[in-house]
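The values are calculated or read from the model by the stated rules, or taken from the named source; none is laboratory data. Since the model is a prediction, treat every value here as computed from it, not as a measurement. Here the Cβ positions follow ideal geometry from the backbone for every residue, glycine too, while neighbour counts run over all protein chains shown.
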Amino acid sequence: MKIVIVSGFLGSGKTTSVIKLGKRLQKNGLSVSVIVNDIADVGVDGQFISRKGLESKELPKGCICCTQKYALTASIAMVHVQQNPDILLIEPSGVAFPARIKEQVQKLDHVSMGPVIGLIDGSKFEDLMQHSEDAITKQIENADFVLLNKKDMLSTYQLSEFETAITEINPDATLHSLSLKLDDGSFTNFADSLARNLKDDSYISGMNTAITNTNETSDQDSDILDPEFNHFNVNSYAHSYPINEFSDQDQATQMALDLIESIKKSILELNPRFMGHLKMILQTDSIALKVSVTSYRDQPEIDSLSIEGNEDSKMTVFAAVTDVARDNLAEIIQSAVSAELPEWN
């Protein structure tokens with residue numbers, strides 16, 4: 001079982017990348033499982049990935065590069081025993097440093113370490129470097145492959161400037177500029193090339209063997225990292241709420257959009273330039289959808305999910321953003337849900 005880490009800050013496109021990569025690896029004849037890590041108490045992305053047809057296991061309640069590293073080790077062992085896929089994709093939280101995860105993996109028997117893939121949201125690269133330059137730099141340094149996402153939202157000048165900056169930070173990584181949403185074949189070509197190397201167990205072009213020699217952290221240091229992830233100053237809150245069954249797709253979509261917009265508006269009052277991720281998954285026997293926002297200037301995006309049936313009707317709301325206290329996030333979400341919930345019940 002070979003492990004591939006797909007990392008990147010909140011909202012960079014990790015989950016989309018994991019789904020696209022996982023499906024492409026399957027088409028190339030490789031069996032795939034996923035471990036996805038959310039920093040909040042309730043996971044969201046694992047549900048989304050499973051509904052897209054990939055076996056996934058969620059690890060919420062902390063970051064697997066520090067507070068949840070032993071849970072990660074146990075989960076890898078469980079996946080190996082129960083599923084033993086050719087490839088295990090690990091999606092860390094958006095505040096993780098992949099080198100620490102790689103160090104944990106390399107201590108394990110019966111698994112081998114593949115490449116670290118780092119996602120960068122090109123549309124927020126300047127904001128991210130201004131807010132958390134040291135942390136973003138470390139994520140880039142930790143990668144074997146860097147995928148500069150959302151190039152369709154960049155000018156020719158910006159694309160060239162950002163590519164140069166990333167290459168200067170990590171000249172050993174292989175850089176691919178692409179758009180996961182408007183894929184022109186770049187990601188497919190990357191995934192197919194990666195699949196061939198993984199399948200043949202051959203040398204991975206771009207493997208940054210220097211990763212484990214940089215930014216080394218002792219086990220003791222990892223255990224005492226601030227659980228509020230202050231290297232990015234990100235705090236999080238998530239909760240699930242029971243709702244009644246209903247069948248009007250348009251009504252459900254509009255109510256989900258109204259809820260996310262309400263939460264976003266309140267967060268903007270506390271931090272007009274927040275970055276991170278607001279997500280909501282709604283599921284009933286007849287409707288399943290995901291709504292997400294990834295920064296102060298983004299509009300909500302909607303994904304329809306497969307209907308699995310015989311499920312408890314509920315919605316899960318998640319917020320992980322910069323420079324807003326956890327108590328404030330909890331109050332914002334609870335207030336927004338209380339205002340909307342009568343319409344859902």
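For every residue, the table says whether it meets (1) closer than 20 Å to residue 275 by Cα; (2) in the same structural domain as residue 14 (by TED's automatic domain parsing); (3) over 20 Å from the mean Cα position of the chain (by Cα).
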position: 136; (1), (2), (3): yes, yes, no
position: 149; (1), (2), (3): yes, yes, no
position: 172; (1), (2), (3): no, yes, yes
position: 180; (1), (2), (3): yes, yes, no
position: 188; (1), (2), (3): no, yes, no
position: 192; (1), (2), (3): no, yes, yes
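Looking at region 45-78 only, could you name the residues that are among the aliphatic types (A, V, I, L, M), over 22 Å from residue 301 (Cβ atoms) and out of contact with any Leu (no Cβ under 8 Å at 6 or more places or on another chain)?
Scanning region 45-78 gives 74, 78.
Would you pick out the residues in region 39-90 that are under 22 Å from residue 103 (Cβ atoms), in contact (Cβ under 8 Å) with a residue 24 or more places away in the chain and among the basic types (Lys, Arg)?
57, 69
Specify which of the listed residues (166, 140) is crowded, with 20+ Cβ neighbours inside 10 Å, closer than 16 Å to residue 12 by Cα and without any contact (Cβ under 8 Å) to a residue 40 or more places away in the chain.
It is 140.
Please count how many residues of region 103-137 are crowded, with 22+ Cβ neighbours inside 10 Å and of a type in the set (Lys, Arg).
Qualifying residue count, region 103-137: 1.
Quick test for you: out of 131, 110, pick the one residue that is assigned to a helix (DSSP H, G or I) and of a type outside the set (Ser, Thr, Tyr).
After ruling out the rest, the residue left standing is 131.
Under 9 Å between Cβ atoms, at least 6 apart or on separate chains: pull out the pairs that start in region 109-122 with a residue that is farther than 16 Å from residue 199 by Cβ and end on any residue that is surrounded by 22 or more Cβ atoms within 10 Å (Cβ to Cβ) and aromatic (Phe, Trp, Tyr).
Note: pairs meeting the criteria are 116/145; 117/145; 118/145; 119/9; 120/9; 121/9.
Could you identify the single residue in 273, 326 that is within 24 Å of the chain's Cα centre (by Cα) and closer than 17 Å to residue 131 by Cβ?
273
Just the residues that are among the hydroxyl-bearing types (Ser, Thr, Tyr) and crowded, with 22+ Cβ neighbours inside 10 Å, please, taken from region 54-92.
Once the filter is applied, which keeps residues that are among the hydroxyl-bearing types (Ser, Thr, Tyr) and crowded, with 22+ Cβ neighbours inside 10 Å, region 54-92 yields only 56.
Give the number of residues within region 274-294 that are part of a loop (DSSP other than H, G, I, E, B) and at pLDDT below 95.
Within region 274-294, residues that are part of a loop (DSSP other than H, G, I, E, B) and at pLDDT below 95 number 4.
Tally time: how many residues in region 153-193 are closer than 14 Å to residue 140 by Cα and not polar (S, T, N, Q)?
Adding up the residues that qualify gives 11.
Have a look at 143, 165 and point out the one that is of a type in the set (Gly, Ala, Ser), more than 20 Å from residue 296 (Cα to Cα) and in a helix (DSSP H, G or I).
The match here is 165.
Select from region 39-58 the residues that are under 18 Å from residue 236 (Cα atoms) and modelled with pLDDT of 85 or more and list them in ascending order.
Residue satisfying the conditions is 58 alone.
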